[in-house]
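Report on the structure given below.
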Amino acid sequence: MSDETLPKAYAPAEAEKRWYEFWESNGLFAASMAPDDDRPTYTIAIPPPNVTGTLHMGHACRTTFEDVLVRYHRMTGHNALWIPGLDHAGIATQVVVERLLKAEGTTRHELGREKFIERVWAWKEKSGGRILQQLRTMGASCDWDRTAFTMDPDLAVAVRESFVRLYEEGLIYRGTRLVNWDVTTQTVLSELEVDQQEGVVGELFEFAYPVVDKDGAPVEGIAEVVVATTRPETMLGDTAVAIHPDDARYTALHGKFAKHPFVDRLVPIILDAELVDMAFGTGCVKVTPAHDPNDFATGKRHDLEEINILNLDGTLNDEGGPFAGLERFAARKAVKAKLEEIGLFRGSKKHTMTLPKSQRSGTVVEPMISTQWFVKMEPLATPAIEAVENGSVQILPQDWEKTYFHWLRNIHDWCISRQLWWGHEIPAWYCEHEHVTVSRETPTKCAECGAAPLRQDQDVLDTWFSSALWPFSTLGWPNETPDLKRFYPTQDLETGYDILFFWVARMIMMGLHFMGEVPFKRVLLAGLVTDERGEKMSKVKGNVIDPLDVIYGATLETLLEKAQFNGAKPGGLNYLKKTYKEGFSEHGTDALRMTLLSYSPQSRRIALSLKRIEGYRNFSNKLWNAARFSLMNLGDSDAVATGVAPEPTALANKWILSRLARAIETSRSGVDGYRLDEASGALYHFVWDELCDWYLELSKPLLADGADPAIKAETEQTLVHVIETTLRALHPMMPFLTEEIWQKVPRSDDLGKHRDPSKPRSIMVARYPVADIDGRVDEAVEAEFEVVRAALAGANTIRSQQGTSRAETFSALVYFTKDERAATVLEANREVVVGVGNFAELRRGADDDAVRSDPTAAFFTSGGIEFFVPGAIDLEKEKERLAREIKKIEKELGALTNKLANAKFVDNAPPEVVDKARATAAGLEEKKTQFAAALTRLG
RNA sequence: GGGUGGGUAGCUCAGCGGUAGAGCGGCGCCUUUACACGGCGCUGGUCGCAGGUUCGAUCCCUGUCCCACCCACCA
């Protein structure tokens, strides 16, 4: 150990790969299934990434957060299980594979369903494998043997079981509805895949329908009814014109009809208070049940005919009459022109609206009517609301509860069928009489009439249907497996807030329904990772950052190529060029993890900044070098870390143990309270500001060759203990670096021993530090230390002001104090102060007027003690400094004096607040006097 | 239109009733054998705006203006 010299800088890439293989090949990630293992379980089911594409920063963020929780619990005596897996992601994946086919000059239709599905599976193997590899790169300590995929046979059984049960319970039904149709890819879209593009300026086009009675004869007193639309071509599918029942202007229209100008049809004029707003437009509304959600609902209320005028490719079908065959936008123009031509055009105005566009193809989504499967949501939603109300499930940050309740209380039935090929087949079969048979096993004859053969429903299930079962389907449900018994319900579910409805709420509903128990105790919602400007990452914007590029580094050229390949627009490429002129340097996984952890979980936006990652890369190196220093200094000593705090006598040693204990406390309370930002922050500051900046500096004279052997020995012991404990505390956040160092730290054999003696020792399975065991809080020591710190900090200030090098020895440090305790502390730590401050000597000068009046003596005051460094200063600079100090004090003092002069404050504020203010004021007053005196002394 | 979150140092963000914090940046000094991916020091803020509650408000309340996101709707 002793003669091993660490390189000057930490090289993460090689170490990370090595340790990950070590952990995985030794089975250290696996949860224990031993019957005698009675440790409490801690389980997280991963939010399964889509098998499309590669992981992005959002995944990196989630993976890190979850891995910290899992590793922490593993180290605090839990049987920890993290279930990894992937989602088949229905449409997203199908679209990607279709794009590949297009590049090959073929289509899924040419290929046929079976061959196409084979192709998707091949894609899944490739893409899914890459994603799982990325998770490993991030350090995810998943139990890989349990890797699940939403299309696995086991999970298919769960899907079928739940579908059939819900059907039998009357919670799944078939109904005719409007779906979002993408005419380019010719598939339905889920709500998720529809982007609402706001602020599109369109045209509100008005035209007239001639009014007739039921026999087609003109109506006396009213010749026409004027309606408005942004989509004139849909008038071909109009099956009613609606007016408000209370609208006095149109009583003559009640019971009458509109004559369709293009197709041979009389359109009834109906009364509907729900659809019609009397104040809007003409107060007359054309109703196209087959192509508009509101009209569809209106059609249901009035039992209107639903006429679909479109083919699946977006051209007009035969219902379009003279316009049949035209593409929908061409048809729009043609209908408008024709209406003008025959004199029914009644005006047009600009109209700002929101257009639903397909996230996949960018085309305007077309509402189309079709028969779909639905889940009746209300009976499922009620218990899910209760579960959060009564605290069975806790949502963090809590603000999200409101959103959750709002959605569940206004829930719509869930359309679960999709006209795709990639997904779980719907276990429903039809006979020649269109009777439906829903069954767990493939049926041979119709359940209703016994007819055969049967044909299976061609549709597949929404990808979220299988995701909703995730927390228990991955544990073997519907079988009553030992896994299910041991690990359900899981503890925490961590994910982005964007899928609170699509996934989280549905898991709660399904978990309660099928397991009778919530699927997880806590929902942790993370913010969205955005670029440095705070804009959402998207391929088109070119601002998607691949975690691997940050970890391993990437040149600007590589970044640009990648962005271009992913379809970035020129603006996006410019952003990249401007923001990342130099590309990315190598940062390492641990640095990225620390960065992601440092953002508050409260914020909705995580505007990832490269500078911040660099800061943590530097921190990795800092920690590395602290270890390097320690190992070098431990040299031939026989100090070993034992996992128990030593009992040193030197102030610095006692102090660092006290600070260590506090850091551990904060770290623990931070993780326990899901404030990983606070936990990681506490350790960061402990390592950098206390361990490195102060303790390591102070330990140098104690470890020096000529030092007191007893002190040297206890310092070595303290040093090795503090380093080893710090590594354990940081391990959940920085797994690779900590293991790399820890394995080199001299330590006793029982540290990091696995339950299974055949497995190697690892920090992964070591005990997480406990404040009272690994450290020792000591208020008195901390107070004493402040005196030493003050003396040395003052010396630093002077050195810096005067521009003297650290190597230059000051003649002496003389101090004046009435405070005997402080004097004792300084006296006791004379060696440290002299050594670290590089003074020739330290002495008390209570009666040394010569020093006090020496104009060349640098002066500073700290903690009520005056310090002088004779002959150390540049007079002018010193004068400037003193004047500046006095000004600063006066400003602070002014505010405080005013406050204390205020009787209301003194009378009403709590006594301790007043006392504190008085003490501060007195301290400032004294300081001011000293500074003023020093200034006078300098002339 | 409804809702949610946010506006704090040049930038990115913590803090949320008792004299404003971090990282990055800027300026100055220091090539000191753990680390220049470093050390030390300094600079920098009427805590969006206007009222109110309070002895005291960045923090609580009301209003208001911006920004982001979500939901609904726009015939």
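For this structure, a couple of remarks:
- Each residue in segment A:498-518 was checked for being more than 15 Å from RNA strand B (Cβ to nearest atom) and free of Cβ contacts under 8 Å to residues at least 60 places away in the same chain, and 5 of them qualify.
- Members of segment A:135-176 found to be under 31 Å from the mean Cα position of the chain (by Cα) and in a loop (DSSP other than H, G, I, E, B), listed by number: A:M138, A:G139, A:A140, A:S141, A:C142, A:D143, A:T147, A:T150, A:M151, A:D152
- Every residue from segment A:844-876 that is touching a Pro at 6+ places or on another chain (Cβ under 9 Å) and among the hydroxyl-bearing types (S, T, Y): A:T856
- Within this structure, A:A883 passes the test of being more than 10 Å from RNA strand B (Cβ to nearest atom), among the hydrophobic types (A, V, I, L, M, F, W, C) and assigned to a helix (DSSP H, G or I).
- Some residue of segment A:81-95 being open to solvent by 20 Å² or more (accessible area, probe 1.4 Å) and not β-branched (V, I, T): no
- Odd one out for A:N543 among (1) surrounded by 18 or more Cβ atoms within 10 Å (Cβ to Cβ); (2) part of a loop (DSSP other than H, G, I, E, B); (3) in contact with a Pro (Cβ under 7 Å, 6 or more places away or on another chain): (3)
- Of everything in segment A:386-430 that is within 20 Å of A:F163 (Cα to Cα) and within 16 Å of RNA strand B (Cβ to nearest atom), the residue that is most open to solvent (accessible area, probe 1.4 Å) is A:H412.
- Matching entry among A:V227, A:V212, A:V219 (being within 9 Å of RNA strand B (Cβ to nearest atom) and either in contact with a strand residue (DSSP E or B) (Cβ under 8 Å, 6 or more places away or on another chain) or modelled with pLDDT of 90 or more (or both)): A:V227
- Of all residues in segment A:901-924 being open to solvent by less than 90 Å² (accessible area, probe 1.4 Å) and closer than 30 Å to A:E880 by Cα, the one that is nearest to RNA strand B (Cβ to nearest atom): A:T920
- Those helices (runs of 4 or more DSSP H) of segment A:658-765 in which at least 3 residues are more than 15 Å from A:A627 (Cα to Cα), considering only elements entirely within it, cover A:676-685, A:697-703, A:709-730.
- Within segment A:238-262, considering residues that are of a type in the set (A, V, I, L, M) and farther than 19 Å from A:D277 by Cβ, the one farthest from RNA strand B (Cβ to nearest atom): A:A252
- In summary, A:L657 fulfils each of the numbered conditions (1) touching a residue at least 12 places away in the same chain (Cβ under 8 Å); (2) within 11 Å of RNA strand B (Cβ to nearest atom) with the single exception of condition (2).
- The residues listed here are A:K333, A:K357; of these, the one that is outside any loop (DSSP other than H, G, I, E, B), within 16 Å of RNA strand B (Cβ to nearest atom) and either among the polar types (S, T, N, Q) or on the phi < 0 side of the Ramachandran plot (or both) is A:K357.
- Segment A:601-615, residues that are modelled with pLDDT of 80 or more and open to solvent by 40 Å² or more (accessible area, probe 1.4 Å): A:K611, A:R612, A:E614
Residue by residue, here is whether (1) free of Cβ contacts under 8 Å to residues at least 60 places away in the same chain; (2) crowded, with 22+ Cβ neighbours inside 10 Å holds:
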| position | (1), (2) |
| --- | --- |
| A:A30 | no, no |
| A:D67 | no, yes |
| A:V97 | no, yes |
| A:K102 | yes, no |
| A:T107 | yes, no |
| A:R113 | no, no |
| A:R119 | yes, no |
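- Test: residue in segment A:249-266 that is under 46 Å from the mean Cα position of the chain (by Cα) and modelled with pLDDT of 85 or more: no
The values are calculated or read from the model by the stated rules, or taken from the named source; none is laboratory data. Since the model is a prediction, treat every value here as computed from it, not as a measurement. Heads up, the Cβs are rebuilt from the backbone with ideal geometry, glycines too, and the neighbour counts pull from every protein chain shown. Accessible surface areas use protein heavy atoms only, side chains included; no ligands, DNA or RNA. Shrake-Rupley method; radii C 1.70, N 1.55, O 1.52, S 1.80 Å.
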